[in-house]
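Heads up, the thing below is written out as structure tokens.
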């Protein structure tokens, strides 16, 4: 008897505007729109880039609590330096974003999307 096999993961990020989130991921981060169930700010959509698919789900403004921890994604990439240089020109970094080697054996950089969801891009050393 074979055991279950985990094939993919599609994280769902909370957003205040699906349309603005799609624009950020497509125009700033180079993703493509995979699907959407809406043409308004509320709804659900998916974006893809290479082998990664992220889902974006609208959450009512009343559900957002200031200071509440947001999800943090770690996305393994090839050519980390090229991706860093690409995103550096897109005005998405915060003032402390840098490409660095970590004590846990990765080279990585991180920043937040429009709604405070964390995105860390890394490769193993």
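The values are calculated or read from the model by the stated rules, or taken from the named source; none is laboratory data. Since we're looking at a predicted model, the values are computed, not measured. Every residue, glycine as well, gets a Cβ built from its backbone with ideal geometry; the counts of neighbours run over all protein chains shown.
Touching a helix residue (DSSP H, G or I) at 6+ places or on another chain (Cβ under 9 Å) and assigned to a strand (DSSP E or B): is that true of residue 111 in this structure? Show your work before the answer.
Working: touching a helix residue (DSSP H, G or I) at 6+ places or on another chain (Cβ under 9 Å): yes; assigned to a strand (DSSP E or B): yes.
Here the answer is yes, as residue 111 does meet what is asked.
Yes/no per residue for (1) under 21 Å from residue 94 (Cβ atoms); (2) at pLDDT 95 or above; (3) surrounded by 11 or more Cβ atoms within 10 Å (Cβ to Cβ):
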site	(1), (2), (3)
2	no, no, no
29	yes, yes, yes
35	no, yes, yes
41	no, no, yes
46	no, yes, yes
The number of residues in segment 76-103 that are under 26 Å from residue 45 (Cα atoms), assigned to a loop (DSSP other than H, G, I, E, B) and without any contact (Cβ under 8 Å) to a residue 12 or more places away in the chain is 1
Across segment 4-25, the tally of residues that are within 12 Å of residue 45 (Cα to Cα) and either modelled with pLDDT of 95 or more or out of contact with any helix residue (DSSP H, G or I) (no Cβ under 6 Å at 6 or more places or on another chain) (or both) stands at 13
Turns out the strands (runs of 3 or more DSSP E) fully within segment 1-75 with at least 2 residues that are within 13 Å of the chain's Cα centre (by Cα) are 12-15, 44-49, 52-58
Residues of segment 88-98 being touching a strand residue (DSSP E or B) at 6+ places or on another chain (Cβ under 8 Å) and either surrounded by 12 or more Cβ atoms within 10 Å (Cβ to Cβ) or within 12 Å of residue 15 (Cα to Cα) (or both), in sequence order, are 92, 93, 97
Is it fair to say residue 71 is surrounded by 17 or more Cβ atoms within 10 Å (Cβ to Cβ), at pLDDT below 95 and under 20 Å from residue 110 (Cβ atoms)? no
Condition set touching a strand residue (DSSP E or B) at 6+ places or on another chain (Cβ under 8 Å) and touching a residue at least 40 places away in the same chain (Cβ under 8 Å), scope segment 48-62, selection surrounded by the fewest Cβ atoms within 10 Å (Cβ to Cβ): answer is 59
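I'd like to verify a number: residues in segment 4-26 that are closer than 23 Å to residue 90 by Cβ and free of Cβ contacts under 8 Å to residues at least 40 places away in the same chain, how many?
The initial filter retains those residues of segment 4-26 that are closer than 23 Å to residue 90 by Cβ, namely 11, 13-26.
Narrowing further to those that are free of Cβ contacts under 8 Å to residues at least 40 places away in the same chain: 19, 22-23, 26.
Number of matching residues: 4.
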